[in-house]
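Working notes for the structure below.
The values are calculated or read from the model by the stated rules, or taken from the named source; none is laboratory data. If you're wondering where the values come from, they're calculated on a predicted model, not measured in any experiment. Methodologically, a virtual Cβ is constructed for each residue, glycine included, from the backbone with ideal geometry; neighbour enumeration extends over all protein chains shown.
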Amino acid sequence: MEHVLYKPLPQQTATLLNIQPQGSKEAEAFVKAFLKRSMPQKSDEIIQDHLTRKAVVLEHFHKKRKRQKKKKKKGFSAKQRRDMRLFEIQPEQQRYEIFVPLHELWKQYIRDLCNGLRPEAQPQMIQAKLLKADFHGALVTVTKSKCPSYVGITGIILQEMKHVFKIITKEDKLKVIPKLNNVFSMEVDGFVSYIYGSRIQFRASERSAKKFKGRGTMDL
């Protein structure tokens, strides 16, 4: 093995390559030094054992690159949104007539959701779909409340939050009505539905995926 590994380079090949051939000792020293650099983790005994017993595959070790975790872009927190007043309705925009077209769009949305609101439609089916519907643009009236001052308030819902509705009345007044302890009525094409605010204390996105159970009677 050593004889083949350290055999001097033939003179003809050396002349062709324009190099000075080394002696066997120099060649042996070069090969050992090369193997030591190529396999720094192995001892001289192990390297020699590889040379005498099996073929050697010289590997080039790549440094593993650390993958940089991509930072997820976070949106504004609820506090930041409040501080920036992103959802605040300016006084000049608090006019009922501005939002009448929104209410007309909402009525068409409900018609499509309830397959046309045909006379033979079952009230329970309409009620179930309304509970999951988006209320932005709905015209509602507070029909029952533990707070008498809320009863009779009518307006278009401009914003729905987890616990309150913000509505604009025909008198151009912006009202904040809590859902809890209030019953709201909604009318579309002669169909009147009553919504217990206590049952819908969710954000609109959460409510659309909520499974509501039928209940006989409910207290405020």
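In this structure, is V57 at pLDDT below 70, part of a loop (DSSP other than H, G, I, E, B) and not charged (D, E, K, R)? Against the criterion (at pLDDT below 70, part of a loop (DSSP other than H, G, I, E, B) and not charged (D, E, K, R)), V57 qualifies. Number of residues in segment 23-39 that are farther than 25 Å from P10 by Cα and either surrounded by 13 or more Cβ atoms within 10 Å (Cβ to Cβ) or at pLDDT below 75 (or both): the value is 3. The residue pairs whose first member lies in segment 80-102 and is within 20 Å of K173 (Cβ to Cβ) and of a type in the set (S, T, N, Q), whose second member is at pLDDT 90 or above and assigned to a loop (DSSP other than H, G, I, E, B), and whose beta carbons are closer than 8 Å, counting only pairs six or more residues apart or on different chains, are Q94/D172; Q94/K173. Among the residues here, L130 qualifies as out of contact with any helix residue (DSSP H, G or I) (no Cβ under 6 Å at 6 or more places or on another chain) and modelled with pLDDT of 85 or more.
Is it the case that segment 103-112 has a residue that's in contact with a strand residue (DSSP E or B) (Cβ under 8 Å, 6 or more places away or on another chain), assigned to a loop (DSSP other than H, G, I, E, B) and not charged (D, E, K, R)? No - not one qualifying residue is present in segment 103-112.
Residue-by-condition table, conditions (1) part of a helix (DSSP H, G or I); (2) of a type in the set (F, W, Y); (3) loosely packed, with under 14 Cβ neighbours inside 10 Å:
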site	(1), (2), (3)
N115	no, no, yes
Q124	yes, no, yes
T143	no, no, no
S149	yes, no, yes
A209	no, no, yes
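Can you tell me which residue is modelled with the highest pLDDT among those in segment 183-220 that are within 18 Å of P123 (Cα to Cα) and of a type in the set (D, E, K, R)? Even if it seems obvious, please write down each step before you answer.
Initially, segment 183-220 is screened for residues within 18 Å of P123 (Cα to Cα), giving 183-196, 199, 211-218.
Applying the additional criterion that residues be of a type in the set (D, E, K, R) yields 187, 189, 199, 211, 213, 215.
Working: E187: 90, D189: 86, R199: 87, K211: 72, K213: 65, R215: 56.
It comes out as E187.
Answer yes or no as to whether G155 is buried (at least 17 other Cβ atoms within 10 Å of the Cβ) and in a loop (DSSP other than H, G, I, E, B).
On the way: buried (at least 17 other Cβ atoms within 10 Å of the Cβ): yes; in a loop (DSSP other than H, G, I, E, B): no.
Here the answer is no, as G155 does not meet what is asked.
What about E92, is it more than 26 Å from A209 (Cβ to Cβ) and either at pLDDT 75 or above or under 30 Å from the mean Cα position of the chain (by Cα) (or both)? Yes, satisfied. Just one of (1) within 21 Å of Q127 (Cα to Cα); (2) assigned to a strand (DSSP E or B); (3) not basic (K, R) fails for I168. It is (1). Scanning segment 162-182 for residues that are free of Cβ contacts under 8 Å to residues at least 60 places away in the same chain, among the aliphatic types (A, V, I, L, M) and crowded, with 18+ Cβ neighbours inside 10 Å yields I167, I177.
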